[in-house]
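> Have a look at this one before I ask anything.
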Amino acid sequence: MTRIDVYHVGALVDVVATVKTGFGLRWSTEMHDWLGHDIYFWEDISWAEWWQAERWHESKGVGPGAILAASINTDLLLDLGSRSDAGYFREEASINLEAIQKRKNRPVNDRENQLFYLDCEVANSVQKRLADAGKHGLRMPFYLGKSLTSCGNFFADQHLQVCLWNTESLQDLRYISQPDRLTL
């Protein structure tokens, strides 16, 4: 069992309620979410600090944001950075992928604008089966922006995200309302 720290940015009122009761985080339900309709966490606090400082107000348009810090057992996550877990995800996702792509109004990704409609549909389609297999969420590396080389894979803004559909696995809940440092 390996425990990792994860960080979520949410409305201050929701984060404080979650620390007190264990409940209160809002699911992201955007149709273009990377890993489906879940609650998104970063593994590196500097990404959460960046999101809170630079993107929270413009993306959410609500009151002050805060960072929820917690820890989670990685055994409860399907880790798409692991070859065996990625293979399992591929098998589960392929069950619905063909049907999703055949729809009249099928979802299409727009990677340049970070709109992952197809990815969201696929992730949503496997959530119940993964939950039935004892998984509480997905863990995956992401990269943003353009590569440092014109046709390469050197993405300076690579980071790990955890997306949970079951938050019961979170432990050591605490919140950070004003980060001490902003590193990005």
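The values are calculated or read from the model by the stated rules, or taken from the named source; none is laboratory data. Note that this is a predicted model, so its numbers are computed, not measured. Positions of Cβ are backbone-derived with ideal geometry, glycine not excepted, and every protein chain shown enters the neighbour counts.
> Somewhere in the stretch 54-77, is a residue of a type in the set (D, E, K, R) and outside any helix (DSSP H, G or I)? Spell out the reasoning first.
Keep residues of the stretch 54-77 that are of a type in the set (D, E, K, R), which gives 54-55, 58, 60, 75.
Filter once more, so that each one left must be outside any helix (DSSP H, G or I): none.
No.
> Would you mind stating whether residue 47 is touching a Phe, Trp or Tyr at 6+ places or on another chain (Cβ under 9 Å), part of a helix (DSSP H, G or I) and either in contact (Cβ under 8 Å) with a residue 24 or more places away in the chain or surrounded by fewer than 18 Cβ atoms within 10 Å (Cβ to Cβ) (or both)?
yes
> Residues in the stretch 150-161: is at least one under 21 Å from residue 1 (Cβ atoms), in contact with a Lys or Arg (Cβ under 9 Å, 6 or more places away or on another chain) and aromatic (Phe, Trp, Tyr)?
Looking for residues that are under 21 Å from residue 1 (Cβ atoms), in contact with a Lys or Arg (Cβ under 9 Å, 6 or more places away or on another chain) and aromatic (Phe, Trp, Tyr), one finds none in the stretch 150-161, hence no.
> OK, next. Just checking, does the stretch 76-95 include any residue being in contact (Cβ under 8 Å) with a residue 12 or more places away in the chain, polar (S, T, N, Q) and surrounded by 12 or more Cβ atoms within 10 Å (Cβ to Cβ)?
No: the stretch 76-95 contains no residue that is in contact (Cβ under 8 Å) with a residue 12 or more places away in the chain, polar (S, T, N, Q) and surrounded by 12 or more Cβ atoms within 10 Å (Cβ to Cβ).
> Taking only the stretch 143-155 into account, find how many residues are farther than 14 Å from residue 113 by Cα and surrounded by 11 or more Cβ atoms within 10 Å (Cβ to Cβ).
Residues flagged as farther than 14 Å from residue 113 by Cα and surrounded by 11 or more Cβ atoms within 10 Å (Cβ to Cβ) within the stretch 143-155 amount to 2.
> Does residue 112 satisfy being charged (D, E, K, R), at pLDDT below 85 and surrounded by fewer than 14 Cβ atoms within 10 Å (Cβ to Cβ)? First the steps, then the outcome.
Values: charged (D, E, K, R): yes; at pLDDT below 85: yes; surrounded by fewer than 14 Cβ atoms within 10 Å (Cβ to Cβ): yes.
So residue 112 fits the description; yes.
> A further question on this structure: Scan the stretch 1-44 for residues that are aliphatic (A, V, I, L, M) and without any contact (Cβ under 8 Å) to a residue 60 or more places away in the chain and jot them down.
Answer for the stretch 1-44, where residues must be aliphatic (A, V, I, L, M) and without any contact (Cβ under 8 Å) to a residue 60 or more places away in the chain: 9, 11, 13, 17.
> Which ones in the stretch 126-161 are at pLDDT 90 or above, over 14 Å from the mean Cα position of the chain (by Cα) and of a type outside the set (Lys, Arg)?
126, 130, 131, 132, 133, 134
> Please state which one of 123, 99 is within 19 Å of the chain's Cα centre (by Cα) and not in a loop (DSSP other than H, G, I, E, B).
Working: 99 fails: within 19 Å of the chain's Cα centre (by Cα).
Going through 123, 99 in turn, the sole match is 123.
> Out of 87, 81, 134, report the one residue that is under 20 Å from residue 159 (Cα atoms), of a type outside the set (D, E, K, R) and outside any strand (DSSP E or B).
Going through 87, 81, 134 in turn, just one is under 20 Å from residue 159 (Cα atoms), of a type outside the set (D, E, K, R) and outside any strand (DSSP E or B): 81.
> Hey, another quick one. Looking at this structure, is residue 35 modelled with pLDDT under 85, under 13 Å from the mean Cα position of the chain (by Cα) and not aromatic (Phe, Trp, Tyr)? Outline the logic, then answer.
Working: modelled with pLDDT under 85: yes; under 13 Å from the mean Cα position of the chain (by Cα): yes; not aromatic (Phe, Trp, Tyr): yes.
Yes: the conditions hold for residue 35.
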